[in-house]
Structure formats: structure tokens, C-alpha cells
Amino acid sequence: MKDRKRNLAGLALSFAVLLAMLFFFEKAHPLVILDADDWTYISQSRMALPNTKFWNPARILPEILMPYASGLGVMLFKPLGYIPSITAMNGLVLSLFITSYIYAFFRLLTDCLHLGPGRAAGLSLLFLLLHFTIFRTQAAGNSYLFWAKDVTCVYYYVIPGLLNCSLVMTLARTGLHRRFWEKGETASKSLLLLAAYLAVFSNLFESAILACWCGLDLLAALLRALRQRRLGRDFWMEQSFSLALLLLWLLSAWFESRGGRGAAASAQPYAAALGESFRQAGAFFGDVFLLVLLLCGAVLAALLAALLLRVFSREERGPFGSLLLPLLLMGLLTLLFEILLCGKVDPAYSRRSDVMFGPCFALLALTVLALGLLLRRFARLSLVLPLLLLVLFSATDSRSRCFRDSNDILAPPELCTALDEALVEQVLAAQERGENAVTVRVLDFGEGDNWPQAVYLGDRLAASLYKHGLTRELMEIEILPDPDLNRQFGVPGRGAP
């Protein structure tokens with residue numbers, strides 16, 4: 001009966017979250033492609049194996065998911081039009097990953113903290129809302145934890161972050177990785193192996209989340225085994241999955257260092273870059289909404305006080321050592337890794353929410369899990385949960401557009417769609433005239449390579465239109481930045497006052 005209630009509550013929660021996320025990413029803030037990277041990766045696919053010949057040798061998950069999702073979207077949502085069909089699929093994919101992530105957190109609350117399904121669902125909604133309110137400091141244009149600067153970064157950073165954190169929560173709840181070589185649970189173990197492979201070969205910034213968790217889990221098990229003098233075959237069989245995952249993650253790091261992206265890392269002296277990376281990280285956490293900081297501080301302080309005063313029974317203290325403390329250590333270790341890696345790649349990355357997804361996840365998960373422990377001990381605290389949900393939900397709205405859109409010029413999605421369709425129309429018009437070469441006018445941003453509609457966009461645009469069946473042959477496309485187009489669409493160039 002308990003399992004049935006939990007499953008029904010989990011299903012209802014997942015349905016509600018999926019609907020909310022679909023509304024957000026399909027209607028309020030659609031994920032519309034715009035820049036040269038977006039046009040590249042909606043069609044450029046690869047083998048699901050690491051390869052140093054690629055610009056990103058080990059980023060397998062985003063580089064198979066984005067083109068496959070785009071191609072499927074073009075087929076499934078064809079009546080919507082070319083660009084809207086890709087947009088619709090982008091919103092659906094991200095919404096499904098977020099829903100799975102929130103469900104994994106719900107199961108963590110019910111299975112590890114032994115909370116009832118009602119309170120677990122309420123706390124899961126609180127966890128979700130914190131992802132949107134964490135950077136809510138302005139009336140408009142706020143970032144949030146699922147935001148990225150373009151659609152490519154949604155696939156390259158946000159989705160890998162969601163997958164790695166979901167795996168951490170699943171392993172913490174089930175311990176399936178410790179039973180990997182035991183008989184039974186074949187389907188679950190097959191899915192775990194696939195998910196772990198894609199999580200490791202996704203993005204070093206995000207795969208560090210799972211690697212740190214497994215490393216800490218392995219270290220804790222090793223220390224226990226040394227105390228008990230039980231370092232035999234059974235121990236190594238139990239820990240072989242964690243050990244193999246760590247070795248695989250080190251291999252992925254080696255591959256990344258040998259690719260074009262690794263070779264293009266920051267050229268400034270590492271000491272100076274590292275110092276700047278720490279400063280940028282400090283500025284990043286300085287941008288956290290004061291209300292969220294106060295909530296996190298108050299809940300964690302209350303939990304610490306309750307532990308020091310021995311308010312909890314021995315059974316109630318169990319999740320602190322088995323779940324909360326490892327999460328805290330994972331968050332700190334991941335934060336240190338991100339800062340060190342940003343110092344090597346680009347110190348400015350330390351101020352990006354999609355790069356800092358792991359440490360932010362640890363902070364928010366710790367806060368809500370701590371609140372769950374307090375609610376379990378002091379049941380009457382549940383009275384304030386609906387009010388807290390209302391306050392946080394109200395913070396996700398304002399008199400203006402509360403959140404920013406996921407494109408590099410922060411333009412409304414309708415404008416991005418119109419810009420994309422203008423490119424496609426120029427190519428299709430040339431094809432109708434029987435031409436196989438065309439000069440395509442784009443916005444003039446007046447600097448560098450004219451990013452985001454870069455001067456090298458032509459081959460990438462041609463490849464995507466050909467692969468998705470819009471052109472009969474691979475067109476030769478030359479890109480021409482045109483200030484008249486800026487005036488037509490009302491978009492100032494980067495150099496404009």
C-alpha cells in the first residue's frame with residue numbers, strides 16, 4: 001500500500017513537473033537555435049566513441065543527442081515548420097531531463113529520508129523552484145539554473161549536469177553500483193551502464209559530479225574495510241563499478257586534453273588565470289538571491305543545531321552520515337575542480353551557472369534534504385511548506401520578462417525564429433532559381449568574426465539544411481553581414497551605442 005501511494009504521488013508529481021516545464025520551454029522561453037554553434041550541432045553527428053580527431057573528443061552525449069533530437073523534431077513536428085519543429089523538440093528533451101531529475105530527488109526523499117509521499121512531493125517542488133529563484137535579483141532578464149547562453153550549451157552543459165546529478169541521486173538511493181556483478185536486475189544494470197557511459201563522456205565540468213561522488217563513496221568504503229580488515233575479493237567486486245568509472249573518467253579527461261578544444265585553452269599564465277577563476281567564482285555566488293541564501297543558511301544552521309543538541313535519534317541521524325555529508329563533500333570537491341578547470345580553460349567560465357551546476361545542485365539538495373530531516377522530526381514545521389512554496393513561486397514572476405532567453409544576444413524567441421527563417425528563405429529562394437551557390441545576408445555585429453551569426457556559418461547552415469531535407473544538394477553559402485538587416489529587424493550591432 002505504501003509503495004502504491006508513493007508510486008502514484010511520484011507519477012502525479014512527474015506529470016505536473018513535465019507540464020510546467022513544457023509550458024516554460026515551449027511557450028514562455030522556447031529554445032530557439034541562432035548562432036553558428038547551434039547550426040553546426042543540429043546536424044553534425046558522430047560515433048559514440050571518444051576520438052582525438054574531434055574538436056571535442058569525449059563529448060559524446062551532447063554530440064549525439066542534439067543532432068538526433070533535431071532530426072527527430074523535424075520529422076515529428078514538420079507541420080509546425082522547420083525552425084519551430086527543432087524548437088519544440090529542444091523544449092521536450094530538456095523538459096524530460098528535468099522531470100527525471102526531480103523524480104530522482106523525490107525518490108531520494110521517500111526512500112532515504114522515509115518521508116511520506118505528500119511531504120516528499122512538496123519538498124521536490126520546493127527543490128525545483130529554487131532552481132528558478134536562485135539568481136532572481138532583478139525585475140527582468142534573470143538567469144536560472146537550467147539556463148544556458150545558447151541551445152548548444154543546453155545540450156553540452158545543462159543536460160549533462162542533469163544526467164550526472166540524477167545518477168548520483170539514484171546510486172545514493174539504490175546502491176545498484178555495489179551490486180553490479182551480482183545476479184539479477186539485468187535491465188536496471190544495463191540502463192545504469194549506458195547512463196554512466198554517457199554521463200562520463202558528456203562534459204568534464206559536469207561529469208566531475210558523478211566522478212567525485214563515486215570517488216568519495218569508494219574512499220569511504222576503503223576506510224571502513226581497512227578498519228575492519230576486509231580488503232578481500234568481495235570488497236573489490238563490490239567497488240569495481242566505482243573504480244572503473246573513475247578510470248573511465250580519467251580517460252575522458254585525457255581525450256579532452258588531446259582535442260582541438262583542449263589545445264585552445266587559456267594562454268595566460270595558470271597562476272594568474274586561477275586567481276581570476278577564484279574571483280569569478282566568488283562573484284558568481286555573490287549573485288545568489290538573498291532570500292535563497294537566507295533560506296539555505298537558516299535550514300542548514302537549524303539542522304546543525306539539532307545535531308549538536310542531539311535532538312535526533314540514532315536512526316534519524318543515519319541520513320546525515322550516509323547522504324548529507326557525502327553530498328556536502330561532493331559539492332566542495334566539485335566546486336574546487338570547476339575552479340581549477342576554469343583556470344585552465346577560461347576563468348570567465350567560473351561565473352556561468354551551467355558550469356557551476358554541480359556545486360549549486362549540492363547546495364540546493366542539501367538545503368531541501370536538511371529541511372526534510374527537520375520536518376520528519378518536527379512534523380508541525382510542515383505547516384509552513386505551502387507558504388514557502390507560494391513565496392518562491394511568486395518570485396518567479398515580475399512586471400516584466402522575469403527570465404532571460406537562451407541565446408547569445410538575449411533576444412526574444414520570436415525574433416530568433418524570424419532571423420533563422422530569413423536565412424533559410426534566402427537559401428531556398430536560390431534553390432528555386434536553380435542556383436547551387438548563394439550569398440546569405442545576416443545581422444552585422446561589427447566585430448571579430450561577427451558572432452553569433454559568424455562569417456563561417458555558411459558551410460554549417462548548408463550541411464544542416466541538406467541533412468534535414470530542405471535542399472536537394474549541398475549548397476555553397478557565403479555569409480555577408482548586412483547593417484540593413486539590423487535596421488529591418490531592429491537589432492543594434494555589438495559596436496552600436
State, to one decimal in nm², a quarter of the convex hull surface area for the C-alpha atoms of region 1-153, i.e. the direction-averaged projected area. 11.7 nm²
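Evaluate the charge dipole of the chain about its Cα centre and quote only its size in Debye, nearest 20, assuming +1 on the Cβ of each Lys and Arg and -1 on the Cβ of each Asp and Glu. Please list the in-between numbers first.
On the way: 45 positive and 40 negative charges, 605 e Å.
Computed charge dipole of the chain: roughly 2900 debye.
Between GLN488 and GLN228, how high is the FRET efficiency from 1/(1 + (r/R0)^6) when r is the Cβ-Cβ distance and R₀ = 60 Å? Nearest 0.05.
0.25
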Rounded percent of accessible protein surface that carbon and sulfur make up, the chain, 1.4 Å probe: 64 percent
Using mean Cβ contacts within 10 Å as the protection proxy, how do 59-70, 159-170 order, highest first? 159-170, 59-70
In vacuum, with every alpha carbon of region 206-308 counted as one equal point scatterer, what does the Debye formula give for log10 I(q)/I(0) at q = 0.16 Å⁻¹? Two decimals, please. -1.02
Multiplying the sequence separation of VAL391 and TRP236 by 0.36 nm and subtracting their Cα-Cα distance, what value in nm do you get? 50.9 nm
In percent, how large is the relative contact order of region 211-366, given Cα pairs closer than 8 Å and 6 or more residues apart? 34 percent
Hz values of 3J(HN,Hα) by residue in region 235-241 - Karplus curve (6.51, -1.76, 1.60), Gly and Pro given as x: 4, 5, 5, 5, 9, 5, 5
For region 343-497, I need the span (max minus min coordinate) of the C-alpha atoms along each principal axis, in Å, sorted largest to smallest. 75, 37, 36
Two-site label geometry, LEU381 and VAL455: point separation in nm, points 7 Å out along Cα→Cβ: 6.0 nm
So how far apart, in nm, are the two label points at ARG401 and GLU182 if each is 7 Å from Cα heading toward Cβ? 5.2 nm
What angle, in degrees between 0 and 90 and rounded to the nearest 10, separates the Cα long axis of helix 186-200 from the longest principal axis of the Cα atoms of the chain? 60 degrees
Rounded to whole Å, give me the distance from the Cα center of region 334-380 to that of region 44-99. 27 Å
Mean separation of Cα contacts under 8 Å (6+ apart) over length of region 1-152, as relative contact order %: 29 percent
What is the log10 of I(q)/I(0) for region 295-352, computed with the Debye formula using one identical point scatterer on each Cα and no solvent, at q = 0.16, 0.28 Å⁻¹? -0.66, -1.10
Between 0 and 90 degrees, rounded to the nearest ten: what's the tilt of helix 270-286 against the longest Cα principal axis of the chain? 80 degrees
Return a whole-number percent for the relative contact order of the chain, with Cα pairs under 8 Å and 6 or more residues apart as the contact set. 22 percent
Two-decimal log10 I(q)/I(0) for the chain, as the Debye equation yields it once each C-alpha is a single scatterer, q = 0.06, 0.07, 0.08, 0.10 Å⁻¹: -0.30, -0.41, -0.53, -0.83
Just name one of THR174, GLY321, ALA370: the one whose Cα is farthest towards the positive end of the charge dipole of the chain (beta-carbon charges, Lys/Arg +1, Asp/Glu -1). GLY321
Taking Cα atoms, how many degrees apart are the long axis of helix 457-467 and the longest axis of the chain, rounded to 10 and kept between 0 and 90? 80 degrees
Go through 108-121, 299-312 and give me the packing order, highest mean Cβ count within 10 Å leading. 108-121, 299-312
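The values are calculated or read from the model by the stated rules, or taken from the named source; none is laboratory data. Keep in mind it's a predicted model, so treat the numbers as computed, not measured. Because the Cβ atoms are built from the backbone with ideal geometry, glycine has one as well, and the counts that use them run over all protein chains shown. Accessible surface is based on the protein model in full, side chains and every heavy atom, while ligands, DNA and RNA are left aside. Shrake-Rupley method; radii C 1.70, N 1.55, O 1.52, S 1.80 Å.
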